[in-house]
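Taken together, the values in this text are just the output of simple stated rules run on the coordinates, not laboratory data. These numbers were taken from a predicted model, which means no experiment stands behind them. A quick note on method: Cβ atoms are made from the backbone with ideal geometry, for glycine too, and the neighbour counts reach across all protein chains shown.
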Amino acid sequence: MKNIPQLNEKVLELVQTVAKEPAVADALKLIANQTEIAMQEQIELCEIEAPTFHEEKRAASVAERMKRYGLSNVHIDEIGNVIGVRKGSGNGPVLALGAHMDSVFPAGTDVKVRQEGNIYRAPGIGDNCSGLRAILQVLRALEAQKIETVGDIWFVGTVGEEGNGDIRGSKHLCANNKLDGFIAVDSTDVGRVLYGAVGSHRWRLSIDGPGGHSFAEFGKAPSAIHAVCRAGDKVADIQVPTDPKTTFTIGTIKGGTTV
């Protein structure tokens, strides 16, 4: 980790060198000039409901757009990821450029986009329709400027990033394909680039009890919800390392059918 600042400087220097290449500079200008087109695409994608485990309609739209922008090798894999391959000119490394398609918001959420000046508001428009818009912008720019890469670039819309999706789309992609690099674009904070893989584990725990009337059976039938609360109290006291940064949370609690 001590060498990260030097690595950042080398990466920045390389990025700046590539950006000065005439075709790349023209591609960046094209992206800037197509802001309205890109935002319209982001709106259209956002207004296609895509809760975790039900990304099919948005996936179909992403696949159609990849084909429209020049990719002939586009398919949806067995888990629901959209994969479009832009072939390289040689035997270079294979790079995946991905963005997750699912939204944290459940089915039935109003995803209609509202514009207020230069601010666009809607559930999921940032996380992660902005990421999908960004990778499609990159594809359009590469095709428009006829930029050739030595290695293949895989443009990927992944499923199941949020909640109990447990990043299943990205995990499946990496486990079943030979990739040399993976850039995940999420919410497109242009001021931040995170380097290195982050581990993630998610569990669903269930506590069951015999139930009973909270008045009549008080003291006889233990409350499963009380047990969950006691367990959560113990979880909150777990001490974790600060280096590498380690975090945890209890995300959602559900249960019971009445008061």
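Placing unit charges on the Cβ atoms only, positive for Lys and Arg and negative for Asp and Glu, gives segment 203-259 a dipole magnitude near 100 debye about its Cα centre.
Karplus-based coupling profile of segment 24-40, in residue order and whole Hz: 5, 4, 5, 5, 5, 5, 4, 4, 5, 6, 9, 4, 5, 5, 5, 5, 5, with θ = phi - 60° in 6.51 cos²θ - 1.76 cosθ + 1.60 and x standing for Gly or Pro. For a 4.7 Å threshold on C-beta separation, the list of partnerless cysteines in the chain reads Cys174, Cys229. The mean of 1/r over all distinct Cα pairs in segment 75-222, once inverted, gives the Kirkwood hydrodynamic radius of 18.3 Å. Can you give the % of DSSP beta bridges in the chain that are antiparallel, to the nearest 5? The answer is about 50 percent antiparallel.
Here the scattering of the chain is modelled by Debye summation over its C-alpha atoms, one equal scatterer each and no solvent; at q = 0.09, 0.13 Å⁻¹ the log10 of I(q)/I(0) is -0.53, -0.96.
Highest mean packing first, where packing is the average number of other Cβ atoms within 10 Å per residue, the peptides 162-175, 244-257, 23-36 line up as 162-175, 23-36, 244-257. Rounded to the nearest Hz, the phi-derived 3J(HN,Hα) couplings of segment 150-165 under the Karplus curve 6.51 cos²θ - 1.76 cosθ + 1.60 (θ = phi - 60°) are 6, x, 6, 10, 9, 8, 10, x, 9, 9, x, 7, 7, x, 6, x, where x marks glycine and proline. Amide H contacts of Gly92 (H built 1.01 Å from N, in plane; Pro and chain starts excluded): Gly151, Asp152 sit under 5 Å, all sequence-distant by 5 or more or on other chains. Net charge in the neighbourhood of Gly255 (other residues with Cβ under 13 Å of its Cβ; Lys, Arg +1, Asp, Glu -1) is +1. Bridgeable lysines around Lys67 (alpha carbons under 28 Å apart, same-chain partners fewer than 8 residues away excluded): Lys29, Lys57, Lys87, Lys112, Lys146, Lys171, Lys178.
Taking amide hydrogens as placed 1.01 Å from N in the peptide plane, the amide H of Phe182 sits under 5 Å from those of Ala96, each at least 5 positions away in sequence or on another chain. Taking a ≥ b ≥ c as the square roots of the eigenvalues of the alpha carbon gyration tensor, segment 203-259 is prolate, as a/c is not under 1.5 and a/b beats b/c. For segment 4-184, the Cβ-based charge dipole about the Cα centre amounts to some 380 debye (Lys, Arg positive; Asp, Glu negative; other atoms uncharged).
Residue order for Glu44, Glu161, fewest other beta carbons within 10 angstrom first, comes to Glu44, Glu161.
Distances between placed amide hydrogens fall under 5 Å for Asn81 paired with Val159, all partners being 5 or more residues away or on another chain.
Within the shell defined by Cβ-Cβ distances under 14 Å, the residues around Asn176 carry a net charge of +1, with Lys and Arg each +1 and Asp and Glu each -1. Between the listed residues Val235, Leu132, Leu205, the Cα displaced farthest toward the positive end of the dipole of segment 125-255, a dipole computed from Cβ unit charges relative to the Cα centre, is found at Leu205. Across segment 131-147, computed HN-Hα scalar couplings (Karplus, 6.51 cos²θ - 1.76 cosθ + 1.60, θ = phi - 60°) run x, 4, 4, 5, 5, 5, 4, 4, 4, 4, 5, 4, 5, 4, 8, 6, 7 Hz from first to last residue, x flagging Gly and Pro.
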